[in-house]
Structures are given as structure tokens and as C-alpha cells.
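Trainee: Before I ask anything, here is the structure I am working with.
Rule-based calculations on the coordinates, nothing more; no lab input. In this text, all values refer to a predicted model and were calculated from it rather than measured experimentally. Every residue, glycine as well, gets a Cβ built from its backbone with ideal geometry; the counts of neighbours run over all protein chains shown.
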Amino acid sequence: MKRLFYTEIKNAQGEYEPLGVMTMEDAFKYAWAHDHATVKFTEVRALSPAGTAS
């Protein structure tokens, strides 16, 4: 099972904004492609269908 992270990126005003839940590799690919230097990760330990949006 892949490790998932709730990911936030720092915007031009210096504030973090949510990017979503994804793998760390996908987050770094997004950040690199969109010129974001700062990425913040919080590991998501358990997601169940009841705890996610459909």
C-alpha cells in the first residue's frame, strides 16, 4: 500500500493552501511543475470510505 499524505503548498502570500491527499512523489511532481518551493506534508494513516468525499 502506498503512503499517502495530506499536502499543502505555500502560495505567493506565504500562506499554506491545501493541495490534497496524494503520494509524496506526486506532490513533488506537482510542486516542481508549478514552481512551488515549499511543500508541507502530513501523513494520512487511515482512510476509510466513510471518511472520504465521494
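Trainee: Within segment 2-11, can you find the residues that are of a type in the set (D, E, K, R) and exposed (fewer than 14 other Cβ atoms within 10 Å of the Cβ)? Talk me through it step by step, then tell me what you get.
Mentor: So the first thing to find is which residues in segment 2-11 are of a type in the set (D, E, K, R), and the list is 2-3, 8, 10.
Correct list: Lys2, Arg3.
Trainee: For segment 12-48, give me the residue count where each residue is in contact with a strand residue (DSSP E or B) (Cβ under 6 Å, 6 or more places away or on another chain), loosely packed, with under 10 Cβ neighbours inside 10 Å and among the small types (Gly, Ala, Ser).
Mentor: 0
Trainee: Right, next: Considering only segment 14-34, state which residues are assigned to a helix (DSSP H, G or I) and under 21 Å from Arg45 (Cα atoms).
Mentor: Met24, Glu25, Asp26, Ala27, Phe28, listed by residue number.
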